[in-house]
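Q: One structure, pasted below without further comment.
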Amino acid sequence: MIHKFKDIVLIEEDEIYKENVLDHYKNPRNFGSLKDYTFKSKEFNSSCGDEIEIFIKFKHSKIIESKFIGRGCAISQASASMLTDILRGKTLDQVKSIHKKDILELLGIQVGIVRMNCALLPLKSLHNGVNRYEK
Amino acid sequence: MKVKQLLNLKEIRKEFPVLRTKVHEKKLIYLDNAATTQKPNQVISSITDFYTKYNSNVHRGIHKLSEMATLQFELAHKTVSKFINADFEEIIFTSGTTESLNLLANSLGSELNSNDEVVLTIMEHHSNLIPWQQMSKKIGFKLKFIGITSDGKLDMNQAKSLITKNTKIVSVVHVSNAIGTINPIKELIDLAHNAGAIIIIDAAQSVPHMTIDVKKLDCDFLVFSGHKMLGPTGIGVLYGKRTLLENMQPFLYGGNMIREVKLETSTWADLPEKFEAGTPNISGAIGLAAAINYLTRIGMNSIESYEKELLNYASEQLSTIKGITIYGPKDERSCVLSFNVEGIHPHDISTLLDREGVAVRGGHHCTMPLMKVLDLTGTVRASFYFYNTFEEVDGLVKAIIKAKQVFGYDS
């Protein structure tokens with residue numbers, strides 16, 4: 001019983017792994033750590049072992065640089081890449097007003113209940129960092 | 001292929017309504033059986049019958065319905081005890097493997113002192129690690145862990161050196177839920193007994209797939225869950241040798257488990273009630289008995305032989321995929337195939353397989369220490385049961401290849 005699997009047709013657009021997401025996963029923007037950060041923050045997703053550490057550098061109350069390191073699935077890594085990409089020039093208050101819906105808009109995909117934690121891990125890391133920094 | 005005729009898959013699959021479900025408009029290929037199995041009509045109707053025809057509490061009511069419920073509940077004890085060749089009094093119903101292990105860790109662990117040692121393995125499910133870890137903090141006994149060899153088997157040389165006269169309890173998993181390794185429990189039972197220690201077998205992943213005879217094994221305790229063997233969730237089993245159970249302190253206190261209660265003191269009921277406080281999971285026990293009757297009718301030997309061939313086929317077919325790594329031993333492996341595909345996270349594979357109707361598990365499988373030893377954050381786990389077909393294995397392979405294509409890798 002020998003089966004061949006060559007005749008598989010790819011669906012044109014898969015709802016979750018859009019090209020944009022895969023691009024950010026394979027070529028993450030702002031990947032790396034910062035030495036002279038204003039604050040850094042690390043979060044884990046205990047159900048899958050994903051981790052994201054975000055580094056933020058402020059100058060004159062505005063973010064001038066943001067980077068991240070970590071490992072995990074395409075959703076969490078793409079989310080971190082996209083999030084760190086939009087932070088430049090933002091104030092602390094503007095960072096605090098980034099919500100779940102903004103992340104989902106950035107990703108541009110449907111995320112189910114099980115994978116939502118992956119999508120939101122970078123934002124959680126960022127917000128926890130902000131909270132600790134403000135204290 | 002001859003082995004396929006061992007079981008009449010067409011007839012068997014008719015009995016499992018869920019297997020006809022469509023997922024993302026694809027035929028469901030259910031390969032998450034190590035997490036929980038699907039239920040046949042026989043199990044579903046036994047539960048429905050209880051709730052629609054004779055629902056009542058057991059042991060107490062002197063009325064017809066209670067009598068019927070009590071009879072079925074007692075029969076369930078008998079069915080389970082016969083299934084693993086135990087005596088009636090030696091079968092305690094719990095909520096599952098986790099509760100069984102917590103009961104043992106609490107009841108046996110509290111009798112230990114700070115010079116005593118408990119030996120576990122690094123491949124334990126969290127449910128056979130954390131209860132001992134927490135009791136050890138409270139009582140002060142030491143925990144020791146048997147490691148694994150490079151091919152994912154238990155390091156039996158280390159086992160021999162770790163199990164000593166200081167060892168009071170050995171608690172080991174029979175089949176690893178994460179990588180499928182079948183551990184040499186007979187050898188471990190002998191090692192423990194020669195050292196004068198009690199041995200507990202976590203059989204959650206073995207009782208559903210192979211014949212288990214507790215008398216032949218001579219293990220002291222053996223625990224498993226109903227829902228991984230066609231039964232409902234919330235019902236599990238603790239087997240213990242009668243003399244050991246008789247000498248143990250109860251774990252949960254309340255109704256049903258007592259003989260005489262005064263304001264200051266109480267005495268305990270006989271086995272098995274001594275360990276079954278409160279109203280038991282009656283429908284769960286009845287459902288589990290129906291599951292065992294169903295498994296027995298098909299035959300555990302046939303199930304084991306069929307699954308072995310199915311697993312070999314799956315292992316062969318998956319190995320042909322470029323960039324795949326399969327974990328665990330090639331031989332001595334039960335119905336679990338744990339793997340990773342180069343460049344794709346286990347959760348991404350699981351999501352993409354789901355889009356093709358293939359249900360698998362991605363993650364650390366509640367074995368974080370084992371994942372650390374294997375230097376992994378997680379794996380994709382395809383786990384089989386006897387109702388899975390060779391064609392479903394082909395479906396799995398196709399779905400993995402498609403997932404690779406989505407991520408831009410060659411098949």
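Q: Distance between the C-alpha centers of the range B:193-214 and the range B:42-96? Whole Å please.
A: 24
Q: Under 19 Å from the Cα of B:LYS22, which aspartates and glutamates turn up, not counting those fewer than eight places away in the same chain?
A: Partners within reach: A:ASP14, A:GLU15, B:ASP32, B:ASP354, B:GLU356, B:GLU391, B:GLU392, B:ASP394.
Q: Using the alpha carbons of the range B:97-222, what is the convex hull volume per residue in cubic angstrom, as a whole number? All intermediate terms of the calculation are to be shown ahead of the outcome.
A: On the way: hull volume 11.9 nm³, N = 126.
Considering the Cα atoms of the range B:97-222, their hull volume per residue is 95 Å³.
Q: Could you sort B:357-369, A:103-115, B:377-389 so that the peptide with the highest average Cβ count within 10 Å comes first and the rest follow in order?
A: On the way: B:357-369: 21.6, A:103-115: 14.9, B:377-389: 24.8.
Going from most to least packed, we get B:377-389, B:357-369, A:103-115.
Q: Based on DSSP, what percent of beta bridges with both residues in the protein assembly as shown are antiparallel, to the nearest 5? Don't skip to the end; give the middle numbers.
A: Numbers: 45 of 65 bridges.
Once the DSSP bridges in the protein assembly as shown are tallied, antiparallel ones form about 70 percent.
Q: To make sure I understand, if each residue's beta carbon is the centre and we count other beta carbons within 10 Å, what order do B:GLU90, B:GLU276, A:GLU134, B:GLU356 fall in, fewest to most? Let's see the in-between values first.
A: Values: B:GLU90 23, B:GLU276 26, A:GLU134 9, B:GLU356 19.
Lowest to highest Cβ neighbour count: A:GLU134, B:GLU356, B:GLU90, B:GLU276.
Q: Find the relative contact order for the range A:19-134 and round it to a whole percent, using C-alpha pairs within less than 8 Å whose residues are 6+ positions apart. Mind dumping the intermediate values first?
A: Values: 202 pairs, mean separation 34.7, N = 116.
Once normalised by length, the contact order is 30 percent.
Q: What are the membrane-span-like helices in chain B by this rule: whole DSSP H runs, Cα extent along the axis at least 20 Å, mean Kyte-Doolittle hydropathy at least 0.5? Present the calculation step by step, with values, prior to reporting the outcome.
A: Details: long enough: B:64-83 (28 Å, -0.09); B:282-298 (25 Å, 1.25); B:300-319 (28 Å, -0.73); B:390-406 (25 Å, 0.34).
Counting only whole DSSP H runs, the qualifying helices are B:282-298.
Q: Quick check on the exposure proxy: order B:LEU318, B:LEU71, B:LEU154 from fewest to most C-beta atoms within 10 angstrom. It would help to have the intermediate numbers written out before the result.
A: Working: B:LEU318 19, B:LEU71 12, B:LEU154 26.
Taking fewest neighbouring Cβ atoms as first place, the list is B:LEU71, B:LEU318, B:LEU154.
Q: Relative contact order of chain B: what whole-number percent is it, with Cα pairs under 8 angstrom and at least 6 residues apart? Numbers along the way, then the final one.
A: On the way: 786 pairs, mean separation 91.3, N = 411.
Across chain B, relative contact order equals 22 percent.
Q: To the nearest 500 deg cm²/dmol, what mean residue ellipticity at 222 nm is calculated for chain A from DSSP H runs of n ≥ 4 alone, each contributing -39,500 (n - 2.57), summed and divided by the residues?
A: Values: 5 runs with 52 residues, N = 135.
-11500 deg cm²/dmol, from helical runs alone.
Q: So if I take the centroid of the Cα atoms in the range B:343-411 and the same for the range B:248-295, what is the distance between those two points in Å?
A: 40
Q: Could you give each residue of the range A:105-111 its phi-based ³J(HN,Hα) in whole Hz, using Karplus coefficients 6.51, -1.76, 1.60 with θ = phi - 60°, and x for Gly or Pro?
A: 5, 4, 5, x, 10, 7, 10
Q: Given only helices, namely DSSP H runs of n ≥ 4 each adding -39500 (n - 2.57), what is the per-residue ellipticity at 222 nm of chain B, to the nearest 500 deg cm²/dmol? Walk me through the numbers on the way to the answer.
A: Details: 14 runs with 155 residues, N = 411.
Calculated mean residue ellipticity at 222 nm is -11500 deg cm²/dmol.
Q: So in the range B:200-299, what percent of DSSP beta bridges are antiparallel if you round to the nearest 5?
A: Numbers: 8 of 11 bridges.
So the antiparallel bridges in the range B:200-299 amount to around 75 percent.
Q: Then there is this: In what order do A:PHE55, B:PHE390, A:PHE39 fall by count of nearby beta-carbon atoms within 10 Å, going from fewest to most?
A: A:PHE39, B:PHE390, A:PHE55
Q: Further, regarding this structure: Per residue of B:401-407, how many C-beta atoms from partner chains lie within 10 Å of its own C-beta, taken as a mean?
A: Values: counts 3, 6, 2, 0, 3, 7, 5.
Across the residues of B:401-407, the mean count of other-chain Cβ atoms within 10 Å is 4.
Q: Moving to a separate point now. About the Cα centre of the protein assembly as shown, how large is the charge dipole given +1 on each Lys and Arg Cβ and -1 on each Asp and Glu Cβ? Please answer in debye to the nearest 20.
A: Values: 66 positive and 62 negative charges, 207 e Å.
Charge dipole of the protein assembly as shown: 1000 debye, to the nearest 20.
Q: By per-residue mean of other Cβ atoms within 10 Å, what is the highest-first order of B:281-290, A:27-36, B:398-407? Intermediate values should be presented prior to the final figure.
A: Values: B:281-290: 25.5, A:27-36: 13.0, B:398-407: 21.2.
Those peptides, ordered most packed to least, come out B:281-290, B:398-407, A:27-36.
Q: Can I ask one more? In Å, what Kirkwood hydrodynamic radius results for the protein assembly as shown from the alpha-carbon pair distances? Each step should come with its number before you reach the end.
A: Details: mean 1/r = 0.0388 Å⁻¹.
About 25.8 Å for the protein assembly as shown.
Q: Sticking with this structure for a sec: Which semi-axes, in whole Å and largest first, does the equivalent ellipsoid of chain B have when worked out from the alpha carbon gyration tensor as the square roots of 5 times its eigenvalues? All intermediate terms of the calculation are to be shown ahead of the outcome.
A: On the way: eigenvalues 261, 162, 61 Å².
Taking √(5λ) for each eigenvalue gives 36, 28, 17 Å, largest first.
Q: Let me confirm one metric for peptide A:42-51, namely the mean number of other chain beta-carbon atoms within 10 Å of its residues' beta-carbons. Please report the intermediate quantities before stating the final value.
A: On the way: counts 0, 0, 0, 3, 3, 5, 9, 11, 4, 1.
Mean inter-chain Cβ contacts per residue within 10 Å come to 4.
Q: Taking each residue of A:69-80 in turn, how many C-beta atoms of other protein chains fall within 10 Å of its C-beta, and what is the average? Please list the in-between numbers first.
A: Working: counts 0, 0, 2, 5, 11, 8, 4, 3, 2, 0, 0, 0.
Averaged over the peptide's residues, the number is 3.
Q: With θ set to phi - 60°, apply the Karplus curve 6.51 cos²θ - 1.76 cosθ + 1.60 along the range A:73-89 and write out the HN-Hα couplings as whole Hz, x wherever there is a Gly or Pro.
A: 7, 4, 5, 5, 6, 5, 4, 5, 4, 5, 5, 5, 6, 9, 7, 4, x
Q: Take the cross-link list B:LYS26/B:LYS82; B:LYS82/B:LYS308; A:LYS57/A:LYS124 and give me the ones stretching past 29 Å between alpha-carbons.
A: Details: B:LYS26/B:LYS82 40 Å; B:LYS82/B:LYS308 25 Å; A:LYS57/A:LYS124 18 Å.
The pairs that break the limit, which is 29 Å between Cα atoms, are B:LYS26/B:LYS82.
Q: Please give the residues of the range B:209-233, grouped as numeric ranges, whose backbone N is less than 15 Å from a label point set 7 Å along the Cα-to-Cβ vector of B:THR149.
A: none
Q: Report the antiparallel proportion of the DSSP beta bridges in the range B:44-297 as a percent, rounded to a multiple of 5.
A: 45
All of the numbers you see were taken from the coordinates with simple rules; none came from a lab. In this text, all values refer to a predicted model and were calculated from it rather than measured experimentally. Here the Cβ is made from the backbone with ideal geometry for all residues, glycine too, and neighbour counts use every protein chain on show.
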